[in-house]
Each structure stands twice: as structure tokens, then as C-alpha cells.
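A.B. asks: Okay, handing you the structure first.
The values are calculated or read from the model by the stated rules, or taken from the named source; none is laboratory data. Just so you know, these numbers come straight off a predicted model, no measurement behind them. Here Cβ is always computed from backbone atoms with ideal geometry, including for glycine, and neighbour counts include all displayed protein chains. These area figures cover heavy atoms from the full protein model, side chains too; ligands, DNA and RNA do not enter into them. Shrake-Rupley method; radii C 1.70, N 1.55, O 1.52, S 1.80 Å.
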Amino acid sequence: MSDAGGGMTSGRRGGPRCVALVGPFGSGKTTLLEAILERTGAVTRAGSVSAGSSVGDASPEAREHQMGVELNVAECEYLGDRYTFLDCPGSVEYFFEAEAAMTGADVAVVVAEADEKKIPALQLVLRMLEDRGMPHVLFMNKLDKTEGSLREVLELMQPASRVPLVLRQLPLVRNGETVGSIDLALERAYIWHDHAPSEVADIPDAEKASEFEARYAMLERIADYDDHLMEELLTDVAPESDEVFGDLAKEMRAGQICPVFIGSAERGNGIGRLLKALRHEAPGLAEKCERLGVTAGAEVVVQVVKTVHTPHGGKLSISRILSGKVTDGVTLVASDGSSDRVSGIYRLNGKEQMKKSEAVAGETVALGKIEPAKTGATLTTAKNGMPALVDLVPPAPVMGFAIAAADHKDDVKLSAALAKILEEDPSLSVRLDQDTAETIVEGQGEMHLRVALERLEHKFGVKVKSQPASIPYKETFHGQASVRGRHKKQSGGHGQFGDVALEVSSGDRGSGFVFVDEITGGVVPRQYIPAVEEGIRDFLIKGTNGFPVVDLKVRLTDGSYHTVDSSDMAFKTAAQLGMREAMAKLHPVLLEPILRVSISTPSEATARINQIVSGRRGQLLGYDGRPGWDGWDVVEALIPQAEMDHLIIDIRSATQGVGSYRQVFDNLAEVTGHLAQKIIERAKTTATEAA
């Protein structure tokens, strides 16, 4: 017999559905997708991530690294219902892909393992779902390889979830091997068959006591939100099956509980029970629209979950149709009022694209060449557009490289490619460092950046070279000097004459450059004073050791001019001569940027984080509990920017891959002694090589 879900009359949600698969890295999301596609007949045989034959993780970068690096989309039908599955990467470096997927999905399946070492990573996923009000179920994967008590592992996992983790099935174990499950809602046993439907069986006598205890615990959990069920439990009245399933469905859709199912995606075990729960209990489009405040009507409302640039088809916007019907050529308007016509509608199955003429509410499709469409955008046929339905903010970067085209003739091509890759992945960012004149690409970690550079070459045909970003050191001077800058040159015809008296002194830290005009009596004509300031500013760009000079005050106190030979250029040169003399008299000081860094870490790793900070010349300011996050701390520290290189790698290594940080510039601090000399010598060597 198949694993049909008798007794589940809790209200199947009609229409195309959208389900996101999320979970920690390595938990088996793509393998679960393959098992679902096989069970529903969408593929004849489940593919393998390791063999490079899966529908998901089909990009060259995903195949090479054997990990999800972008959102993947696949479709199937199950018992007459159409489903789109959004397979999200599990690495914390690609967390934004999952967040974007939530803007279109009805429900999320959290794929996890019975492994307490991965609980912090699971907490990140669950917190994201909870913050977005996303209904979700948990699929405990790899039960065929799990040792120990599942219920004990769930107790360890419970602090990671704000809502109760409600166990729906017990493992059925024979000779130390999980061979099936006991469904606590249906009170039936199921014998698993690899890559085939399960077989219904009676609950073994030896398991009946455990099943009764676990079922009662499940009922107690859901009775917290149902007074009638609580009364039945208190009076030993057996609740009706429909009431149990009704409560399970209602409370999951409301985000009050997280049901937990079990199985093995690799062997195709437990897939039918999961699909039945999605079909009968999970919310559909109506609930999605209600959460977002979308009223069904004639106007089209579209939510963009992912932007992709294809080699031949151009820009595609993977989108959920929330309301109305999208036809090829229809004009869609973004929230800022910009608009464009849809040029092609496509069903997606991994890398396959199948053109279609229209898409109705509930479908998830790719819409072609809509320029205003960005990841997270809301589009509509309403004339003036509508406000964005979701607030999708990319995370702050934690790592960066300086990049340049390997061949200078590709500079323009690189700019265009970067614009496209930023559209595809908004959690990347690119900026031009004004101090170092470097193009810096920043992202969420080493692999995130490595894949981005690989994609620039493989997908957009631009080979780039990368290196650690230069540190924007500054220079200042201690002391005070009075100098005279005099430029006089006569070579036939008009000569050049400029003469200035300057008082140069150190300024307050953070004051920058201050220029004060104290000329009286017209000894330096008014029209030449801006040239004096410009000359000083130009000189300060490089300073004595090649670094910009800051925190310096220069007073123009005196000077003289020639009615014929004076000019802007002459006074600019005189000012620079004066500054050169002043720098020789003052004591130079090297300054380095100091960042204030807030590191989020599981509490058990806080001591290791403190050691990492201290080992990077950091100053610990203290730590406190992370607000709203049980078992997490935030460590505050001041760290030199020069010590930030690969910091995120050390943090992730110390925190099971889940730690992160935010940084802001705090101050410029003096660098002295041997370290300062090394920095200066390195800068001079670099300048010589560049020349």
C-alpha cells in the first residue's frame, strides 16, 4: 500500500504552490529536491550532487565546489496540484538568497540533521523565518544515519526555535537501523522502501507505549492554542482525527508551531508523508497574499525573488504571480514608477527554460527583460505602481578584495559585468575607494567572493586579478613651523612670482585639513588666495611618505606679489615650496584607520572570539548578550583595519560557520616604531614598482 494520508481533511489549498527549501549547509536540501522530483514523476531518477547530475546546483561554480551558490527553481505536480520548489543555498555566505526566496514562497521546509553541532546554523535559518512570519515545517534528514534519541536531539534544538518544535513522527528502528516511521497524527506505522512509496503497517506492540507518550506530547503542544482540545485531554476524551489535523494545520499556518517530519532524502524515505503535509496542511497563495496585504483582483501583482542574466536571453526576473494574469508584452510598473514590457514568460526546471504564453496567480515563472525589476521588487499593472510588499535589505559585507581587469582593454567590459553580477546577487557590493583608487568588491565571505570572481570569468567573459585591498593610511605632523615659500622665475617676457608666509601646526585629531587666511593690507591679492590653498592641498595628497596628510592647520600670514609676473600657478607653486620646507621641520606621524567591530557569536565561542581579537592588535570593549537571541553574544572591539583581512574566516572557524560582524570607522590612531617603519618601506617599494 502507498503512504496515502487518510483522515487528513484539514483543508487542501488549491492553485499553484511555492515551497522554499532552506537549512544549514550540507543538510541535504538539493538531495531532498531530487527525491521530491523523483517521487512526483518530474524526473525518472533522482540526480546526485556529488555526481553533478542534480536538477539543482547546476551552475559550473556549484558543480565545481559541490555546494549551492544560488537559488534554484524546479516544478512538479503531486496529486493534481502544481508546485514550484525554491532550493536555497545553505551556506551562511549565501543567506540572502534564502531571504529573497521567502518573499515569494507560501511555506518553507527547513532541512536539518539530528546533529547538535549544527544547531547554531539552524537557529539562523529559523530566526530568519520567524522574523518574516513565514510558516515552516522541519524535515529531519539522514535518519538512516542518525544514532541516539531523536527526541533528545529535538530537546537540544528547541532553544533555537521561538515556537515549539512539534514531533509528528517517530523513527521505527530494527536492529539499530531506521526502517520506517510512526505517524503520531494518523497513528499508523510506515515501512520505508528506497525510492518508492512506503508501506502502511500496524504499530508494533513494542512501540505502542512510546507512540502513546509521543502522541500525547504532540497533542499537549497544539492544545496550548485550542481550549477545546485541552479540555478533551484533561478529561481523557480521544480527540477526533479531523480536529487534530485541523489544529496542526491552523497552528503551523499561523506560525505558532513548527511540525517536525523525518526521513532520508538520499534514499527517498519519508517523502510521501512530507508531500502529504504540504498538500493538506501548508498555507497557499490566499494566505500568502493575506500576510503581504495583497487583495486579489484584476490588477497584476508580481513579487521578484531572483534576478538572472542569461547568455542569450538577457535579463530574467524569477517572480511569483500573486494576483492577476501576466501575458507576454504586458507592461509592469515598479514601485518608483518606472515601467517596462514583459518580453517572454518561462517555466523553469533547474537550468531548463520552457516558454509559455501566460502565467496565472500562484505560478512562479521567469519574466524576460524587465529592466526596473530588481530582486525583492514588487511589480504591478497599476498605473502608478505600488509600494514594495517586503523590505529586503542585503547584509553588510564582511570581506573584500581589490580587483581589476587582467587586461586593461576589458575595463569597460568589467564595469558592465559587475553591474549584472550585482543585480544577480545584491549581497555583493562594489565601491571605489577614494583614498587608494582601488575598485573593491565586497561580500559575505571567502567562497562568496571566489565564486563571484569565477562567475565574472565563466559567465561574463572577464578575467580579473584580485589582491587584498590597500589600507588607507594617513600621515600627520607634530609641532609647529613658520616658513616662507617664494617662487621667482624670469625667462623672457612675463616671469613667475609668488611669495607666501605660512604658519603650519598640528591640528586636533579628526579635524582634517584647516586653512586660515590671515592676510591684511592686500600683500597677497584676494584672487590668488584660493591658489595658495589649492597648492597646499595638492602637496598634502602625498605628504612625506606617500600618504595623505590630515589633521594639519595652515595659516597664511604674509606674502608679496608682482603686478605683472604673479599668477595663480606662481602662488600655487610658492605654497608647495613652503609646505616642503615645513614638513622638513615637523615630526611626521603615521596614522592607521581603526574600526569599531561588533561580532555576533554563539556564547560558547565568545572566549575564542576574544582571543582572535587580541591576536589582531584589537582592543576589547566588552561583550553582552545578543538582544533576542538566546545563547548568543555580541563582542565589541576596536581593531586596526590592517588586521581585518580574513577576520571572517577566523570567526566562522571558531563558531561552526555562523559568526558574523558589522564594522564602522571609529578613528585614526598613531602607528609607531618598527611596525610604522615596515609600512612606510612597503609603501615606498610599491610606489617604485608601480613607477
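A.B. asks: Identify the residue in the range 493-548 that is open to solvent by 40 Å² or more (accessible area, probe 1.4 Å) and polar (S, T, N, Q) and, among all such residues, is modelled with the lowest pLDDT.
C.D. replies: So, considering only residues that are open to solvent by 40 Å² or more (accessible area, probe 1.4 Å) and polar (S, T, N, Q), the one modelled with the lowest pLDDT is Thr544.
A.B. asks: Checking Ile370 against (1) within 30 Å of Phe665 (Cβ to Cβ); (2) open to solvent by less than 30 Å² (accessible area, probe 1.4 Å), only one condition comes out false. Which one?
C.D. replies: The number of the failed condition is (1).
A.B. asks: Right, something else. Would you say Glu457 is free of Cβ contacts under 8 Å to residues at least 60 places away in the same chain, within 30 Å of Gly400 (Cα to Cα) and acidic (Asp, Glu)?
C.D. replies: Here the answer is yes, as Glu457 does meet what is asked.
A.B. asks: Here is a follow-up. If we scan the range 251-262, do we find a residue that is surrounded by 22 or more Cβ atoms within 10 Å (Cβ to Cβ) and assigned to a loop (DSSP other than H, G, I, E, B)?
C.D. replies: Yes.
A.B. asks: I would also like to ask the following. Between a residue in the range 100-123 that is under 14 Å from Ser161 (Cα atoms) and acidic (Asp, Glu) and any residue that is open to solvent by 10 Å² or more (accessible area, probe 1.4 Å) and assigned to a helix (DSSP H, G or I), which pairs come within a Cβ distance under 6 Å, given they are 6 or more apart or on different chains?
C.D. replies: Short answer, once both residue conditions are applied: Glu116/Leu156.
A.B. asks: Determine if the range 214-228 includes at least one residue that is surrounded by 15 or more Cβ atoms within 10 Å (Cβ to Cβ), modelled with pLDDT of 95 or more, among the hydrophobic types (A, V, I, L, M, F, W, C) and within 37 Å of the chain's Cα centre (by Cα).
C.D. replies: yes
A.B. asks: Testing Ala417 on (1) in contact with a strand residue (DSSP E or B) (Cβ under 6 Å, 6 or more places away or on another chain); (2) open to solvent by less than 10 Å² (accessible area, probe 1.4 Å), one condition comes back false. Which one is that?
C.D. replies: (1)
A.B. asks: Give all pairs with beta carbons closer than 8 Å in which a residue from the range 19-47 that is in a helix (DSSP H, G or I) meets a residue that is acidic (Asp, Glu) and open to solvent by less than 10 Å² (accessible area, probe 1.4 Å); count only pairs at least 6 apart in sequence or on separate chains.
C.D. replies: From residues that are in a helix (DSSP H, G or I), the pairs are Lys29/Asp87; Thr30/Asp87; Leu33/Asp87.
A.B. asks: Here is a further query. Would you be able to tell me the number of residues in the range 156-170 that are open to solvent by 30 Å² or more (accessible area, probe 1.4 Å) and either among the aromatic types (Phe, Trp, Tyr) or in contact (Cβ under 8 Å) with a residue 12 or more places away in the chain (or both)?
C.D. replies: Number satisfying all stated conditions: 3.
A.B. asks: Of the residues that sit in the range 646-691 and are within 30 Å of Ser91 (Cβ to Cβ) and in a helix (DSSP H, G or I), which one is most open to solvent (accessible area, probe 1.4 Å)?
C.D. replies: Ser653
A.B. asks: If you check Ser470 against the conditions, is it out of contact with any Ser or Thr (no Cβ under 7 Å at 6 or more places or on another chain), on the phi < 0 side of the Ramachandran plot and among the small types (Gly, Ala, Ser)?
C.D. replies: no
A.B. asks: Quick one: Ala607 ticks every box in (1) in contact with a helix residue (DSSP H, G or I) (Cβ under 7 Å, 6 or more places away or on another chain); (2) of a type in the set (A, V, I, L, M, F, W, C); (3) surrounded by fewer than 16 Cβ atoms within 10 Å (Cβ to Cβ); (4) outside any strand (DSSP E or B) except a single one, so which number is it?
C.D. replies: (1)
A.B. asks: Kindly indicate which of Glu147, Glu187, Glu199 is over 30 Å from Leu285 (Cβ atoms), acidic (Asp, Glu) and surrounded by 15 or more Cβ atoms within 10 Å (Cβ to Cβ).
C.D. replies: Exactly one of Glu147, Glu187, Glu199 is over 30 Å from Leu285 (Cβ atoms), acidic (Asp, Glu) and surrounded by 15 or more Cβ atoms within 10 Å (Cβ to Cβ), namely Glu187.
A.B. asks: If I ask for residues that are among the polar types (S, T, N, Q) and surrounded by 18 or more Cβ atoms within 10 Å (Cβ to Cβ), which ones from the range 467-492 would you list?
C.D. replies: Thr476
A.B. asks: When you look at Val554, is it under 22 Å from Ile639 (Cα atoms) and crowded, with 16+ Cβ neighbours inside 10 Å, yes or no?
C.D. replies: For Val554, the condition - under 22 Å from Ile639 (Cα atoms) and crowded, with 16+ Cβ neighbours inside 10 Å - is not met.
A.B. asks: With respect to the numbered conditions (1) out of contact with any Ser or Thr (no Cβ under 6 Å at 6 or more places or on another chain); (2) farther than 29 Å from Arg450 by Cβ, which one is the sole condition not fulfilled by Cys76?
C.D. replies: (1)
A.B. asks: Could I ask something else about it? Go through the range 292-336 and count every residue that is open to solvent by less than 40 Å² (accessible area, probe 1.4 Å) and of a type in the set (Gly, Ala, Ser).
C.D. replies: Counting residues in the range 292-336 that are open to solvent by less than 40 Å² (accessible area, probe 1.4 Å) and of a type in the set (Gly, Ala, Ser) gives 8.
A.B. asks: Further, regarding this structure: Name the residues in the range 340-373 that are in contact (Cβ under 8 Å) with a residue 40 or more places away in the chain and either in contact with a helix residue (DSSP H, G or I) (Cβ under 7 Å, 6 or more places away or on another chain) or part of a strand (DSSP E or B) (or both), would you?
C.D. replies: Arg347, Leu348, Asn349, Gln353, Val360, Ala361, Gly362, Thr364, Val365, Ala366, Leu367, Gly368
A.B. asks: Please find, within the range 381-412, the residue that is farthest from Ser600 (Cα to Cα) out of those that are of a type in the set (Val, Ile, Thr) and in contact (Cβ under 8 Å) with a residue 60 or more places away in the chain.
C.D. replies: So the residue we want is Thr381.
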